[in-house]
Structures are given as structure tokens and as C-alpha cells.
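The block underneath contains the structure these notes are about, expressed in C-alpha cells.
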Amino acid sequence: MAQARVLSPEVFNVIRKDVASYIKKKLKGMEIEVTDMDLHNSSQTRTLRVYVTLGRTTNLKALYLAERMVTQELMHEFRVQVHAFYWRYMPEEKPAEEVRPAPSPPAG
């Protein structure tokens, strides 16, 4: 297996777009809907942190498997060591006219 490279800020800035598009493409292929993603270069651990916002709920096992596969592929393709993926689900807020109040119980 290839040795991970130390991510200097310069190297990180050069590969950030390629790595982000690679991750999005892989997750889309796994039918995981990504609405936002942010990559952080950790100078302390010399690794990459990936923050992913999902557009719909996804099975935790599927997220775990996706994280493992993408982490291994990033090491192989870019020689980048991923520290962790941070997943979050942000449902779209519905406009007020679509949100109906629950019917109130009859008085009495």
C-alpha cells in the first residue's frame, strides 16, 4: 500500500477540488445524496476531515461502508489519509403554507 503524504496547505489547496469531486462522484454512485461537503486539512494529525451533508436519510450501515470504501480509495488514488467522515442530515424546511397544524381535539 502507498504511504500517505503529508498534506501541506499548498498541496491541500491543489488537490482539494479533485478530492471533493472524487468523493461526491463515489457517493452518488452509491446512491447517497450529498447536498454539501467541506474538506478540512488537519495540520495536527496530518490527515483530512470530510464533512458531508446529506439530502435524505441514509442507513447507518451504508454510510459506514461508504466511508470505509472511499477512505481506502482516497489513499490509493491521492495518497491522502482521511481522519474521519462527519455525516449530517439536514432536511429541507417546508414553506409555512405546506406545514399544517395538527387538528385540535374536540372540547368537552
**Request:** Please name all residue pairs, on different chains or six or more residues apart, with Cβ atoms under 7 Å, provided the first residue is in region 12-26 and is under 17 Å from G55 (Cα atoms) and the second residue is not aliphatic (A, V, I, L, M).
**Result:** K26/E73
**Request:** Looking only at region 60-86, count how many residues are on the phi < 0 side of the Ramachandran plot, charged (D, E, K, R) and touching a residue at least 40 places away in the same chain (Cβ under 8 Å).
**Result:** 2
**Request:** Select from region 36-60 the residues that are farther than 15 Å from V82 by Cα and exposed (fewer than 13 other Cβ atoms within 10 Å of the Cβ) and list them in ascending order.
**Result:** D36, R56, T57, N59, L60
**Request:** Note down all Cβ pairs under 7 Å where the first residue falls in region 46-59 and is closer than 19 Å to G29 by Cβ, the second is assigned to a loop (DSSP other than H, G, I, E, B), and they're at least six residues apart or on different chains.
**Result:** T53/M90; L54/I32; L54/E33; G55/E33; R56/E33; T58/I32
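The numbers here are math on the coordinates, done by the rules we state, and not lab data. Here the structure is a predicted model, which is why all the values come from computation and not from measurement. A quick note on method: Cβ atoms are made from the backbone with ideal geometry, for glycine too, and the neighbour counts reach across all protein chains shown.
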